[in-house]
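*Asks:* Just dropping this structure here.
The values are calculated or read from the model by the stated rules, or taken from the named source; none is laboratory data. Source: prediction; values computed, not measured. Ideal geometry is used to build each Cβ from the backbone, glycine not excepted, and the neighbour counts take in all protein chains shown. Side chains included, ligands, DNA and RNA excluded: accessible areas come from the protein's heavy atoms. Shrake-Rupley method; radii C 1.70, N 1.55, O 1.52, S 1.80 Å.
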Amino acid sequence: MTLLLAGLALGLLAVVLALASPSRARVVLAGTSGVLAAALVGAAAVVDLAGRTTRTVTITSLLPFAPLHLRLDALAAAVELVVALVAIAAQVFAVGYARGRLRSRTATVLQGLFVLALLVVPVAGDVTTFLFAWELMALTSLALLLVDHERPSARAAAVWYGAMTQGGAAAITLGLLAVVRITHATSFASMAAARPGTGVLGVVAFVLTAAGFASKAGAVPLHVWLPRAHPEAPTPVSALMSGAMTALGLYGVARVDLGVLVEIGRGWWIGLLVVGVLSALFGALHAVTSTDLKRLLAYSTIDAMGLGLAGLAGAGVLRAEGRPEIAATLVVGVLVLLLAHGAFKALLFLAAGVVERATGTRDLDRLGGLVGLLPRTTAAVAVAAGSAASVPLGAGFVGEWILVEGFVAGLGRTAPGGVATALVGLVGVALTSGLTAVAMVKLLGVGFLGRARAERPASGTGEGRATGLALALLALVTVGVGVLPGPLVAVLARAARDVVGSASPGPAGSITSLTLASTATSLRPLGLAAGAVALVGLVVLAARGGSRVVRATRAWACGRSDLSPRMQYTATSFAEPVQRVFADVLRPTVDVTVSHEEESREIESVLAYRSRVDDAVERALYDPLVRAHDALGRRARILANGSVHRYLAYGFVALLIVLVALG
Amino acid sequence: MSGYLLSALQVLLVAVGGLLLTGVMAKVRARAEGRVGAPVTQPLREVAKWLTRESPRAGGASVLAAVPYVLLVTTGLAAAVVPLAGVVTAGSSGADVLIAVFLLLTGSLALALGGLATGTAFGGMGASRAMTLSALTEPALLVGLAALAVPQRSMNLATLLRHAVAHPTGMASPSHVLAVASLLVVVIAETGRLPVDNPSTHLELTMIHEAMVLEYGGRDWALLSLGQAMRLGLLFSLLATLAVPWGVATSGAALPVLVGVVLLGAKAAVLATGVALIEVRSAKLRLFRVPELLAAAFVLAILAVVVGVVAR
């Protein structure tokens with residue numbers, strides 16, 4: 001607990017340093033303090049997970065309205081690991097990356113506050129502390145989105161994000177108030193002990209909190225802010241939002257819905273499961289068709305978080321069916337997924353920042369051949385993309401593997417609801433895993449391999465030291481978790497058991513293996529790695545017997561010699577088959593314009609092909625809403641015609657109403 | 001016989017067997033079409049020949065050089081882990097079928113990246129098509145395997161096969177038949193055979209898989225085609241073993257393993273002959289008709305799970 005408090009104090013110090021230090025030292029000083037803060041909090045989480053005690057602390061005098069109540073239990077520690085990792089990497093990166101407005105006092109202070117809020121949310125022990133930290137997180141990230149306020153797209157993103165995040169916060173507040181009302185308790189620990197019933201208020205609390213938290217995690221149809229806000233935020237903030245903040249959305253579901261509202265009917269959980277699976281599919285499909293590098297990553301976040309939500313919802317159903325050990329397996333899978341996603345998604349967002357700075361664009365259709373310009377970044381991206389595509393020995397594979405095994409275990413002897421849940425979850429994971437792989441091949445193959453598709457600015461900057469360090473750290477964690485998942489899973493299992501209240505040990509891990517009792521299977525990544533090394537040696541030896549002459553040659557171009565970079569497959573053309581197969585879901589708009597030569601209609605001069613995939617959910621649900629809102633706003637203008645007399649009358653009437661109401 | 005020895009044996013079997021199965025399929029096709037055809041050892045000889053040739057590399061040379069290794073290592077690793085001839089492989093408690101699935105997926109990713117690395121139109125075209133089809137076969141594969149896992153509630157192949165050998169009647173269950181049917185479609189798609197892809201086409205525009213690998217030559221091509229043959233060998237052996245698990249050695253003793261090897265070869269050869277006969281009798285599907293076939297396989301797999309759960 002001392003570690004945690006020291007970490008949070010350093011986080012505050014980072015904010016103070018950002019305020020007080022001179023502009024030249026600001027980013028470095030505040031960044032160092034912030035990195036140390038995250039490292040200490042991460043260490044506190046590790047100590048807590050290794051030990052078996054839950055510690056609480058109450059700070060009475062810091063905030064004016066209520067005491068600050070901190071509680072570090074296993075679940076908090078598990079999520080804190082993710083937040084701390086992403087925060088360390090993003091802040092190290094920011095030290096090397098920050099230019100222009102991102103170096104300003106406002107931006108540095110806001111970033112320090114954002115990190116601090118992210119670190120406090122998981123350890124918030126009661127409702128007021130939680131809501132305070134949650135709101136601080138939402139507001140600081142909103143303000144950071146406006147660092148580039150000159151770009152209209154950033155402003156539009158901020159409006160969407162502001163509306164959605166405040167709506168979500170309102171839903172969470174109301175939901176938590178309902179829980180407080182049922183349980184007569186304000187701390188999460190005593191709430192869980194009260195086991196609130198399934199009355200109307202319980203359902204209201206479940207729906208409101210689940211909606212609020214799921215919207216933070218980008219669940220369809222509350223996701224519309226995410227593909228706008230994550231790409232428009234400054235790069236380190238994108239990484240924090242995507243790697244850590246979305247994870248906190250799922251943390252909220254685990255903490256409140258799974259941890260407190262224990263008695264809720266499984267029908268609600270099945271509803272949430274369907275939402276999760278649909279989000280995952282929707283995110284994966286849009287990730288495949290997106291051509292903006294960061295937008296692709298944002299949609300892939302929706303995909304990963306959707307799977308996480310499905311895992312948590314599956315745990316809810318299976319616990320209600322009396323299978324807490326399978327529920328615990330699923331929760332462990334989600335926790336591993338969160339850590340894996342935090343590492344690879346933060347890495348990919350940071351790498352996208354490097355790419356944007358080096359080439360001046362994020363458009364995959366104009367990128368290509370970056371492996372020559374940014375070799376180390378390309379290597380890091382390859383590691384992260386592999387992890388995202390569930391390549392064995394990557395962290396993402398471990399999470400996905402545990403989730404699939406959990407759902408398969410659910411197909412065993414459980415009631416029909418459990419079997420349906422397991423089948424839906426399994427189908428969801430199965431459908432998304434292939435699509436995710438397509439998106440990642442596109443990202444790496446089109447963006448970084450091949451040949452450059454457009455001229456690059458001569459002033460493009462390469463890879464810096466701090467930025468490289470951040471990427472290397474995240475790549476190391478990705479591979480480390482993939483090769484040695486046993487110890488991590490062993491400690492995460494405790495968090496999962498706490499959440500679902502399971503008595504059986506659930507997933508077990510050692511250095512060499514990771515065992516799931518519910519499907520009688522295990523993973524031996526260290527053995528796999530050794531086997532891979534042995535096979536590489538064998539193949540190299542075998543290949544030595546052959547010719548070692550390599551000749552540089554021209555690529556096959558059907559006998560032509562002018563193979564220009566424009567003839568390569570672009571991101572759009574790479575995704576075209578998927579777009580066509582899933583046209584009913586994606587509803588792409590394709591324009592083909594043919595103009596003819598003046599002499600003859602038979603000769604075509606220019607053929608323009610444009611294809612656009614808009615968010616179908618946004619068009620169907622939000623466009624009417626926005627239009628209605630605008631119409632209402634225009635109508636309301638007649639109330640404000642500029643006459644001072646009228647405004648005075650409004651004030652008078654309002655005063656009268658207040659007096660009457662109070663009297 | 002120790003687990004490591006069996007694993008090494010399986011890798012060797014899959015490598016040589018894969019090449020031989022390719023030869024067998026070519027031979028069956030030739031005979032069915034009224035030709036004599038090349039001897040079944042032809043693929044072995046070709047790989048040996050290409051190994052001695054220089055490797056021409058165009059664009060993306062470093063990636064092109066790495067792809068065959070990734071393909072060989074991931075496929076070899078999957079062949080070592082998964083029980084084919086006997087269940088007591090090295091680390092058989094970790095013989096989870098999902099590992100094999102995702103190792104094979106890694107091989108596909110490497111091939112697609114190799115296609116994009118060359119910076120040519122055909123490489124990208126092949127990569128795009130192959131990844132699209134791979135994304136659509138993945139669900140059928142995972143759910144089909146889950147259907148086979150339902151009776152034992154385990155994705156561990158060693159557990160699954162032990163049970164299947166002890167209870168051979170399970171093979172006649174409708175769930176098993178449906179799952180095997182869906183996996184057959186998956187195997188045809190993943191190995192790039194007709195009606196999904198024509199492995200012997202010379203027309204670039206109709207290529208899926210071949211377009212990705214146009215730029216390999218010499219030793220690179222030898223290693224790559226060995227990797228592709230291993231992939232075919234592994235998928236065929238896996239499907240044959242799962243469909244008809246008779247003869248899989250449940251102990252590590254030498255004699256049962258030997259029987260297991262011989263029977264595995266026979267089962268895989270029968271399967272290869274069957275697939276070759278399907279190839280003779282079917283024309284290549286239009287690219288955008290293939291998703292319908294794969295969707296059908298996916299539905300079969302879901303049905304297999306449902307039937308399996310209900311019948312239990």
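*Asks:* Pairs needed: first member in the range A:153-178, of a type in the set (Phe, Trp, Tyr); second member anywhere, part of a helix (DSSP H, G or I) and open to solvent by 40 Å² or more (accessible area, probe 1.4 Å); C-beta distance under 9 Å; at least 6 residues apart or different chains.
*Replies:* Between residues of the range A:153-178 that are of a type in the set (Phe, Trp, Tyr) and residues that are part of a helix (DSSP H, G or I) and open to solvent by 40 Å² or more (accessible area, probe 1.4 Å), the close pairs are A:TRP160/A:ARG228; A:TYR161/A:ARG228.
*Asks:* Taking A:ASP48, is it among the acidic types (Asp, Glu) and at pLDDT below 85?
*Replies:* yes
*Asks:* A further question follows. Looking at B:GLY252, B:GLY192, which is the one that is closer than 14 Å to B:LEU104 by Cβ and small (Gly, Ala, Ser)?
*Replies:* Of B:GLY252, B:GLY192, the one residue that is closer than 14 Å to B:LEU104 by Cβ and small (Gly, Ala, Ser) is B:GLY192.
*Asks:* Which ones in the range A:496-517 are surrounded by 24 or more Cβ atoms within 10 Å (Cβ to Cβ) and more than 21 Å from B:SER7 (Cβ to Cβ)?
*Replies:* If the condition is that a residue be surrounded by 24 or more Cβ atoms within 10 Å (Cβ to Cβ) and more than 21 Å from B:SER7 (Cβ to Cβ), then A:ALA496, A:VAL499, A:VAL500, A:GLY506, A:PRO507, A:LEU516 are the ones that fit.
*Asks:* Here is a follow-up. If you check A:VAL489, A:VAL483, which single one turns out to be modelled with pLDDT of 90 or more, hydrophobic (A, V, I, L, M, F, W, C) and under 30 Å from A:VAL260 (Cα atoms)?
*Replies:* A:VAL489
*Asks:* Another question, if that's okay. Within the range A:181-193, count every residue that is within 21 Å of A:LEU72 (Cα to Cα) and either surrounded by 15 or more Cβ atoms within 10 Å (Cβ to Cβ) or touching a Cys at 6+ places or on another chain (Cβ under 7 Å) (or both).
*Replies:* Within the range A:181-193, residues that are within 21 Å of A:LEU72 (Cα to Cα) and either surrounded by 15 or more Cβ atoms within 10 Å (Cβ to Cβ) or touching a Cys at 6+ places or on another chain (Cβ under 7 Å) (or both) number 7.
Quick grid of which residues meet (1) open to solvent by 70 Å² or more (accessible area, probe 1.4 Å); (2) assigned to a helix (DSSP H, G or I); (3) of a type in the set (Val, Ile, Thr):
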{"site": "A:LEU12", "(1), (2), (3)": "yes, yes, no"}
{"site": "A:VAL27", "(1), (2), (3)": "no, yes, yes"}
{"site": "A:ALA30", "(1), (2), (3)": "no, yes, no"}
{"site": "A:ALA39", "(1), (2), (3)": "no, yes, no"}
{"site": "A:GLY42", "(1), (2), (3)": "no, yes, no"}
{"site": "A:ALA45", "(1), (2), (3)": "no, yes, no"}
{"site": "A:ASP48", "(1), (2), (3)": "no, yes, no"}
{"site": "A:LEU62", "(1), (2), (3)": "yes, no, no"}
{"site": "A:ALA66", "(1), (2), (3)": "no, no, no"}
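*Asks:* What number of residues in the range A:377-392 are facing chain B (nearest Cβ under 9 Å) and either surrounded by fewer than 24 Cβ atoms within 10 Å (Cβ to Cβ) or on the phi < 0 side of the Ramachandran plot (or both)?
*Replies:* 6
*Asks:* Taking the conditions exactly as written (open to solvent by 10 Å² or more (accessible area, probe 1.4 Å), under 19 Å from the mean Cα position of the chain (by Cα) and aliphatic (A, V, I, L, M)), does A:VAL419 satisfy them or not?
*Replies:* no
*Asks:* At pLDDT below 90 and open to solvent by 30 Å² or more (accessible area, probe 1.4 Å), is that true of B:LEU255?
*Replies:* Here the answer is yes, as B:LEU255 does meet what is asked.
*Asks:* Name the single residue that is modelled with the highest pLDDT among those in the range A:405-415 being open to solvent by 10 Å² or more (accessible area, probe 1.4 Å) and more than 9 Å from chain B (Cβ to nearest Cβ).
*Replies:* A:ALA415
*Asks:* Also: So in the range A:14-25, with the set limited to residues that are part of a helix (DSSP H, G or I) and free of Cβ contacts under 8 Å to residues at least 12 places away in the same chain, which one is surrounded by the fewest Cβ atoms within 10 Å (Cβ to Cβ)?
*Replies:* Step by step, filter the range A:14-25, then rank; the result is A:ARG24.
*Asks:* I'm checking my understanding of the structure. Among residues of the range B:216-270 that are of a type in the set (D, E, K, R) and closer than 29 Å to B:SER182 by Cα, which one is nearest to the chain's Cα centre (by Cα)?
*Replies:* Checking each candidate, the answer is B:ARG231.
*Asks:* Tell me, yes or no, whether the range A:472-482 has at least one residue that is in contact with a Pro (Cβ under 9 Å, 6 or more places away or on another chain), touching a residue at least 40 places away in the same chain (Cβ under 8 Å) and in a helix (DSSP H, G or I).
*Replies:* yes
The rows are residues; the columns are (1) touching a Ser or Thr at 6+ places or on another chain (Cβ under 9 Å); (2) small (Gly, Ala, Ser); (3) more than 30 Å from A:GLY252 (Cβ to Cβ); (4) assigned to a helix (DSSP H, G or I).
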residue: A:ALA304; (1), (2), (3), (4): yes, yes, no, yes
residue: A:LEU318; (1), (2), (3), (4): yes, no, no, yes
residue: A:VAL332; (1), (2), (3), (4): no, no, no, yes
residue: A:ALA352; (1), (2), (3), (4): yes, yes, no, yes
residue: A:VAL371; (1), (2), (3), (4): yes, no, yes, yes
residue: A:GLY399; (1), (2), (3), (4): yes, yes, no, yes
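*Asks:* If you don't mind, another one. When the range A:605-622 is examined, which residues are found to be open to solvent by less than 50 Å² (accessible area, probe 1.4 Å) and either free of Cβ contacts under 8 Å to residues at least 12 places away in the same chain or β-branched (Val, Ile, Thr) (or both)?
*Replies:* Scanning the range A:605-622 gives A:VAL613, A:VAL617.
*Asks:* Here's another thing I want to ask about it. Would you be able to say whether some residue in the range A:70-89 is open to solvent by 30 Å² or more (accessible area, probe 1.4 Å), among the β-branched types (Val, Ile, Thr) and farther than 24 Å from A:LEU337 by Cβ?
*Replies:* For the range A:70-89, residues open to solvent by 30 Å² or more (accessible area, probe 1.4 Å), among the β-branched types (Val, Ile, Thr) and farther than 24 Å from A:LEU337 by Cβ: absent.
*Asks:* I'd like to check which helices (runs of 4 or more DSSP H) are fully inside the range A:103-206 and have at least 3 residues that are closer than 16 Å to A:ILE264 by Cβ.
*Replies:* A:152-183, A:188-194
*Asks:* Hey, another quick one. What do you reckon, is A:GLY360 open to solvent by 10 Å² or more (accessible area, probe 1.4 Å) and either in contact with a Ser or Thr (Cβ under 6 Å, 6 or more places away or on another chain) or touching a residue at least 24 places away in the same chain (Cβ under 8 Å) (or both)?
*Replies:* In short, yes.
*Asks:* Given the conditions (1) touching a Ser or Thr at 6+ places or on another chain (Cβ under 9 Å); (2) open to solvent by less than 10 Å² (accessible area, probe 1.4 Å); (3) touching a residue at least 40 places away in the same chain (Cβ under 8 Å), which single one is not true for A:GLY434?
*Replies:* With respect to (1) touching a Ser or Thr at 6+ places or on another chain (Cβ under 9 Å); (2) open to solvent by less than 10 Å² (accessible area, probe 1.4 Å); (3) touching a residue at least 40 places away in the same chain (Cβ under 8 Å), A:GLY434 is out only on (3).
*Asks:* Please indicate, with yes or no, whether at least one residue in the range A:265-282 is over 23 Å from A:ALA351 (Cα atoms) and in a loop (DSSP other than H, G, I, E, B).
*Replies:* Yes: the range A:265-282 contains one or more residues that are over 23 Å from A:ALA351 (Cα atoms) and in a loop (DSSP other than H, G, I, E, B).
*Asks:* Residues in the range A:523-530: is at least one out of contact with any Pro (no Cβ under 8 Å at 6 or more places or on another chain) and at the interface with chain B (Cβ under 7 Å from one of its Cβ atoms)?
*Replies:* Yes, the conditions are met somewhere in the range A:523-530.
*Asks:* Okay, moving on. If you check A:VAL550 against the conditions, is it free of Cβ contacts under 8 Å to residues at least 24 places away in the same chain and farther than 25 Å from B:MET207 by Cα?
*Replies:* Considered against the rule, which asks whether it is free of Cβ contacts under 8 Å to residues at least 24 places away in the same chain and farther than 25 Å from B:MET207 by Cα, A:VAL550 comes out as yes.
*Asks:* Quick one: in the range B:138-172, which of the residues that are open to solvent by 40 Å² or more (accessible area, probe 1.4 Å) and in a loop (DSSP other than H, G, I, E, B) is nearest to the other protein chains (Cβ to nearest Cβ)?
*Replies:* Among those that are open to solvent by 40 Å² or more (accessible area, probe 1.4 Å) and in a loop (DSSP other than H, G, I, E, B), it is B:ARG153.
*Asks:* Okay, moving on. Restricting the search to the range B:146-156, which residues are of a type in the set (A, V, I, L, M, F, W, C) and free of Cβ contacts under 8 Å to residues at least 60 places away in the same chain?
*Replies:* If the condition is that a residue be of a type in the set (A, V, I, L, M, F, W, C) and free of Cβ contacts under 8 Å to residues at least 60 places away in the same chain, then B:ALA149, B:MET155 are the ones that fit.
Here is a yes/no grid of residues against (1) buried (at least 24 other Cβ atoms within 10 Å of the Cβ); (2) more than 23 Å from A:ALA90 (Cβ to Cβ):
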{"residue": "A:GLY252", "(1), (2)": "yes, no"}
{"residue": "A:VAL262", "(1), (2)": "no, yes"}
{"residue": "A:VAL332", "(1), (2)": "yes, yes"}
{"residue": "A:HIS341", "(1), (2)": "yes, no"}
